Amino acid sequence: KTIKVALKEADRGVLAGGPGYRTDLGIRGFGQFSYTNLWGENHTLSINTAVNRRFYNYHFLEGQAQVAYVWPWFAGHELNFRPTVSVGRTQYINFSADKKTICFESAVQLGLSESTLVSLCTGPEILPSVVTGRYHNTPS
C-alpha cells in the first residue's frame, strides 16, 4: 500500500480588532497584528493596541500599545529571547493622576522539558509624569 500525505503550512499572520464596552472604562477599541515564521526562521513579531474613552470624568483618551518580538534558538541554544516595548497612558480619577508609562522588557526562556519553562525577565518602567494635578475629580 502507498499512503500519500499532503501538508500545507498554516497561515502565518493574524490581524484582529474590535470594539468593546466596560462600565468603568467606557468605550474601548483594540487591534492586534502578529506574524510568525519571519525569514523562515520561526521568529515572531506582534503589535497590540488598546484605547478607551471614559464616559464620566473624561480628560483624555487612555491607551496602551506594545511591540514584541520572539527570537527562538537565540545564540544557537534552546533559548527564546523576547524583547518587548510598551507605552501607555491612564488616568486615575480618585486621586487626580495622569500616568504615562514606557516599559522596556526582555525575557530569556529555556524549555527544560515539554511542561517546564524557566523565564527571566527584566526591564525598567519609566514614569515621566505620574501625577500632574491638571484636573480635579468632579461629581457626576
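The values are calculated or read from the model by the stated rules, or taken from the named source; none is laboratory data. These figures come from a predicted structure and were not determined experimentally. Here the Cβ positions follow ideal geometry from the backbone for every residue, glycine too, while neighbour counts run over all protein chains shown. Remember, those area values only see protein heavy atoms, side chains included, never the ligands or the DNA or RNA. Shrake-Rupley method; radii C 1.70, N 1.55, O 1.52, S 1.80 Å.
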### Message
Kindly evaluate Ile47 against the criterion of being among the β-branched types (Val, Ile, Thr), open to solvent by 80 Å² or more (accessible area, probe 1.4 Å), modelled with pLDDT of 85 or more and part of a strand (DSSP E or B).
### Response
no
### Message
Tell me yes or no: at least one residue of the stretch 7-21 is assigned to a loop (DSSP other than H, G, I, E, B) and among the acidic types (Asp, Glu).
### Response
yes
### Summary
Output for Cβ contacts, cut-off 9 Å, separation at least six or different chains, first residue on the phi > 0 side of the Ramachandran plot and free of Cβ contacts under 8 Å to residues at least 40 places away in the same chain in the stretch 10-30, second outside any strand (DSSP E or B) and of a type outside the set (Asp, Glu), reads Gly26/Arg54; Gly26/Phe55; Gly26/Tyr56; Gly26/Tyr58
### Query
Looking only at the stretch 28-44, which residues are in a strand (DSSP E or B) and aromatic (Phe, Trp, Tyr)?
Phe30, Phe33, Tyr35
### Query
Which of (1) out of contact with any Asp or Glu (no Cβ under 7 Å at 6 or more places or on another chain); (2) polar (S, T, N, Q); (3) farther than 23 Å from Asn80 by Cβ does Gln32 not meet, given it meets every other one?
(3)
### Summary
With criteria (1) closer than 22 Å to Gln32 by Cβ; (2) modelled with pLDDT under 75; (3) surrounded by 15 or more Cβ atoms within 10 Å (Cβ to Cβ), Trp71 comes up short on (2)
### Query
Which condition number does Lys100 fail, the rest of (1) surrounded by fewer than 15 Cβ atoms within 10 Å (Cβ to Cβ); (2) touching a His at 6+ places or on another chain (Cβ under 8 Å); (3) charged (D, E, K, R) being met?
(2)
### Message
Only one of Phe95, Phe55, Phe60 is modelled with pLDDT of 75 or more and open to solvent by 40 Å² or more (accessible area, probe 1.4 Å). Can you tell me which?
### Response
Phe55
### Task
Six or more apart or on different chains, Cβ under 9 Å: which pairs go from a residue in the stretch 76-87 that's among the charged types (D, E, K, R) to one that's open to solvent by 70 Å² or more (accessible area, probe 1.4 Å)? Could you list them?
Arg82/Trp71; Arg82/Glu105; Arg82/Cys121
### Query
Only one of these conditions is not met by Gln32: (1) surrounded by 10 or more Cβ atoms within 10 Å (Cβ to Cβ); (2) modelled with pLDDT under 90; (3) not hydroxyl-bearing (Ser, Thr, Tyr). Which number is it?
(2)
